[in-house]
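Beneath this line is the structure, given in structure tokens, with notes to follow.
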Amino acid sequence: MITRIGLIRHGSTLWNQEGRIQGHTDNPLDEEGFRQAAVLAERLSSESWDYIYSSDMLRARQTAEVIAGRLGIPLAGLIPGIREMNGGLIEGTTEKERIERFGSGWKTMDMKLESRDLAQQRGVRAVEEVAARHPGRNVLIVSHGAILRSTLAGLVPSLDLSVVLKNTSITRMIRDAGGWTCELYNGVEHMIE
């Protein structure tokens, strides 16, 4: 039995535009983010999706609500396990502000960030739980860039994750008896005008 999971990064926020680390700060979508979500929803309307889940953070939930409304599918639940990684001391800052505040070597300092290992474990657990809840179905999950990349590293360790996920990109995963495979990473064809 094949289960398909579409992992979506939320639409744009003001902090995305400003280059600020969002982490657990609960920012809403900006106007561009709502537009991106609508464009993605239109693309997805030609495909078959049964459910949509979202991180419990506002920017992901708003993205999921736009998609759910267009597709006529239920927003099946909010999942804290796929909320963005905690940004620690750098949350809310731009690169320039981090250098001003902590110096150019800030990346080597303990910034109280959530560890990639812990984030990967919670992300993988959340995606596995959704897949187990809906075997043989097609399910969308709206989440965040850093947690999605950490989760993907746990699901498909051989996957090249060097390209940062773009806002409203979709990554399509397949789970079958052999485990997880990725059939599309960072799909943004819908954003090309």
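The values are calculated or read from the model by the stated rules, or taken from the named source; none is laboratory data. The structure displayed is predicted, hence computed values, not measured ones. In this analysis, Cβ positions are derived from the backbone assuming ideal geometry, glycine residues included, and neighbour counts consider all displayed protein chains. All accessible areas refer to the heavy atoms of the entire protein, side chains included, with ligands and DNA or RNA removed. Shrake-Rupley method; radii C 1.70, N 1.55, O 1.52, S 1.80 Å.
Quick look at the numbers
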{"read-out": "Residues of segment 169-193 classified as in contact with a Phe, Trp or Tyr (Cβ under 8 Å, 6 or more places away or on another chain) and hydrophobic (A, V, I, L, M, F, W, C), total", "value": "2"}
{"read-out": "Matching residues in segment 108-127 - criterion: being in a helix (DSSP H, G or I) and either among the basic types (Lys, Arg) or buried (at least 17 other Cβ atoms within 10 Å of the Cβ) (or both)", "value": "116, 119, 120, 122, 123, 124, 125, 126, 127"}
{"read-out": "Index of the failed condition, residue 96 passing every other in (1) over 13 Å from residue 21 (Cβ atoms); (2) free of Cβ contacts under 8 Å to residues at least 12 places away in the same chain; (3) surrounded by fewer than 16 Cβ atoms within 10 Å (Cβ to Cβ)", "value": "(1)"}
{"read-out": "Lone unmet requirement of (1) within 17 Å of the chain's Cα centre (by Cα); (2) under 29 Å from residue 17 (Cα atoms); (3) exposed (fewer than 14 other Cβ atoms within 10 Å of the Cβ) for residue 105", "value": "(1)"}
{"read-out": "Residue 181 being over 22 Å from residue 60 (Cα atoms), in contact with a strand residue (DSSP E or B) (Cβ under 8 Å, 6 or more places away or on another chain), of a type in the set (Val, Ile, Thr) and surrounded by fewer than 16 Cβ atoms within 10 Å (Cβ to Cβ)", "value": "yes"}
{"read-out": "Counted residues, segment 150-161 - those being free of Cβ contacts under 8 Å to residues at least 40 places away in the same chain and open to solvent by less than 10 Å² (accessible area, probe 1.4 Å)", "value": "0"}
{"read-out": "Options 147, 141: the member that is part of a strand (DSSP E or B) and open to solvent by less than 50 Å² (accessible area, probe 1.4 Å)", "value": "141"}
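Every residue, every condition in (1) within 22 Å of residue 151 (Cα to Cα); (2) open to solvent by less than 10 Å² (accessible area, probe 1.4 Å); (3) touching a strand residue (DSSP E or B) at 6+ places or on another chain (Cβ under 6 Å), yes or no:
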| site | (1), (2), (3) |
| --- | --- |
| 6 | yes, yes, yes |
| 9 | yes, no, no |
| 16 | yes, no, no |
| 22 | yes, no, no |
| 28 | no, no, no |
| 34 | no, no, no |
| 39 | no, no, no |
| 45 | no, no, no |
| 48 | no, no, yes |
